[in-house]
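What follows is a set of notes on a single structure, which appears directly below.
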Amino acid sequence: MPVQQQVDKIVLTHPKGSSAEILLYGATVISWKSGSVPNPQPVERLFVSSKAALDGSKPVRGGIPVVFPCFGAPTHPEHLKLGQHGFARSETWTFNSIVMDNEAGVSVKLTLEPKASITERYERPFHLAYVVTLAEHQISTDLHVQNTALSTTPPLEFQALFHNYIRAPASEVSITPLEGISYYDKTETSEELRSKPKTEQRATVDVKKFTDSVYEDAPGIYEVASPTNKVEIKTKSFKDVVVWNPQAEAGSKIGDMEAGGWEKYVCVEPGYVRGFVKLEAGQTWIGQQVLTAKL
Ligand code: TA6
């Protein structure tokens, strides 16, 4: 049964053994099990904290949270009533349809439209569709943002990001290629230093220390490599990428982070987070990532 709809989640299975689970809450992918060419046995590729709330009480600590319409603390005038990372990850989406089901894979669409829990703090009209596709060694997530306003209104301005928690030993994982890319270091202690761009000097980026880096105008294709998991991330429309691991310094202060959880993942998060997408009325913007298991 390639698509199983349960009360609170959708389970996708591939005939070759890979699988994925999508919580309707936040349209959060909470599991992606996949083999690879060298190692066909499916293994879990994502990290979800054992203390994560999966009951819709708060955004999931792990998996692939969907960040929209703002990244981080809101700064845009239309977003000021929203919480960190916007509302998409903390609203219950609707299972809309099975988009594809064949030997290549299975694809489902979830949708989110304005409802009271949103419109009481966000006034712009919109329609979101989220398409998740599972193949033998891949999972892709596409966010379709439609500006459903009448043509006389100003453009819809937003940020979007996939907050991927990639399972890996934080002491051994590397992220490439980011050398030469401009980034903002959010671990700096002053706002002045946090807003001053740096240039990545390392051929391979690690997260052996507390890391919270926002890379701007990044390559759009990344390799997240460790001895136990290697994932390639290919993206479209996401000009930026965030690399985050709190290590014990910040991780021990996160309430829904399991003890030592920061040692088990790295967040590599493709997004459009420096500046805002400007979407004219009636237009649709699509941000895509394809994760491929390579080890
Ligand atoms: O994407 C990195 C980041 O913005 C970090 O600064 C940290 O706040 C992380 O997201 C987790 O945010 P959350 O709201 O899920 O606790």
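The values are calculated or read from the model by the stated rules, or taken from the named source; none is laboratory data. Here the structure is a predicted model, which is why all the values come from computation and not from measurement. Don't worry about glycine lacking a Cβ; one is built from the backbone with ideal geometry, like all the others, and counts go over all protein chains shown. Heads up: the accessible areas ignore ligands, DNA and RNA and are worked out on the full protein's heavy atoms, side chains in. Shrake-Rupley method; radii C 1.70, N 1.55, O 1.52, S 1.80 Å.
When the stretch 124-151 is limited to residues that are touching a Pro at 6+ places or on another chain (Cβ under 9 Å) and farther than 27 Å from Val106 by Cα, the one that is least open to solvent (accessible area, probe 1.4 Å) turns out to be Asn147.
Residue by residue through the stretch 16-42, note down the ones that are closer than 22 Å to Val268 by Cβ, open to solvent by 20 Å² or more (accessible area, probe 1.4 Å) and in contact (Cβ under 8 Å) with a residue 40 or more places away in the chain. Talk me through it step by step, then tell me what you get.
To start, the set of residues in the stretch 16-42 that are closer than 22 Å to Val268 by Cβ comprises 18-23, 26-39, 42.
The next check asks that each one be open to solvent by 20 Å² or more (accessible area, probe 1.4 Å); those that pass are 19, 21, 30, 33, 37-39, 42.
Listed by number, the residues that qualify are Ser19, Val37, Pro38, Asn39.
The residues of the stretch 80-112 that are farther than 18 Å from Ile286 by Cα and in contact with a Pro (Cβ under 6 Å, 6 or more places away or on another chain), listed by number, are Leu80, Leu82, Ser90, Asp101, Val106. Could you tell me whether any residue of the stretch 219-232 is out of contact with any strand residue (DSSP E or B) (no Cβ under 6 Å at 6 or more places or on another chain), part of a strand (DSSP E or B), modelled with pLDDT of 95 or more and crowded, with 19+ Cβ neighbours inside 10 Å? For the stretch 219-232, residues out of contact with any strand residue (DSSP E or B) (no Cβ under 6 Å at 6 or more places or on another chain), part of a strand (DSSP E or B), modelled with pLDDT of 95 or more and crowded, with 19+ Cβ neighbours inside 10 Å: present. Flag set for Thr94, criterion: under 19 Å from the mean Cα position of the chain (by Cα), more than 25 Å from Val242 (Cα to Cα) and surrounded by fewer than 19 Cβ atoms within 10 Å (Cβ to Cβ). Restricting the stretch 57-79 to residues that are charged (D, E, K, R) and out of contact with any Pro (no Cβ under 9 Å at 6 or more places or on another chain), the residue that is nearest to Pro270 (Cα to Cα) is Arg61. Only a single item in (1) closer than 24 Å to Val268 by Cα; (2) without any contact (Cβ under 8 Å) to a residue 12 or more places away in the chain is not met by Ile139, and it is number (2).
The lone criterion from (1) in contact with an Asp or Glu (Cβ under 7 Å, 6 or more places away or on another chain); (2) closer than 16 Å to Trp244 by Cα left unmet by Val131 is number (2). Residue check: Lys196 meets all listed conditions (1) assigned to a loop (DSSP other than H, G, I, E, B); (2) within 26 Å of Thr141 (Cα to Cα); (3) open to solvent by 40 Å² or more (accessible area, probe 1.4 Å); (4) in contact with a Phe, Trp or Tyr (Cβ under 9 Å, 6 or more places away or on another chain) but one, namely (2).
Applying the criterion of being in a loop (DSSP other than H, G, I, E, B) and crowded, with 18+ Cβ neighbours inside 10 Å to the residues of the stretch 201-218, the residue that is farthest from the ligand (Cβ to nearest atom) is Ala218. Tallying residues that are more than 10 Å from the ligand (Cβ to nearest atom), over 21 Å from Phe158 (Cα atoms) and modelled with pLDDT of 95 or more within the stretch 233-250 yields 4.
Note on the stretch 174-189: among residues that are within 16 Å of the ligand (Cβ to nearest atom) and either open to solvent by less than 70 Å² (accessible area, probe 1.4 Å) or of a type in the set (Phe, Trp, Tyr) (or both), the one that is nearest to Ser34 (Cα to Cα) is Ile175. The number of residues in the stretch 257-274 being within 11 Å of the ligand (Cβ to nearest atom) and either surrounded by fewer than 17 Cβ atoms within 10 Å (Cβ to Cβ) or hydroxyl-bearing (Ser, Thr, Tyr) (or both) comes to 0.
Name the residue, out of Glu263, Glu269, that is in contact with a helix residue (DSSP H, G or I) (Cβ under 9 Å, 6 or more places away or on another chain) and of a type outside the set (A, V, I, L, M, F, W, C). Don't jump to the end; show me each part of the working.
Details: Glu269 fails: in contact with a helix residue (DSSP H, G or I) (Cβ under 9 Å, 6 or more places away or on another chain).
Only one candidate passes the filter, namely Glu263.
Only residues that are open to solvent by 40 Å² or more (accessible area, probe 1.4 Å), within 11 Å of the ligand (Cβ to nearest atom) and either touching a His at 6+ places or on another chain (Cβ under 7 Å) or acidic (Asp, Glu) (or both): list them for the stretch 43-74, please. Matches in the stretch 43-74: none.
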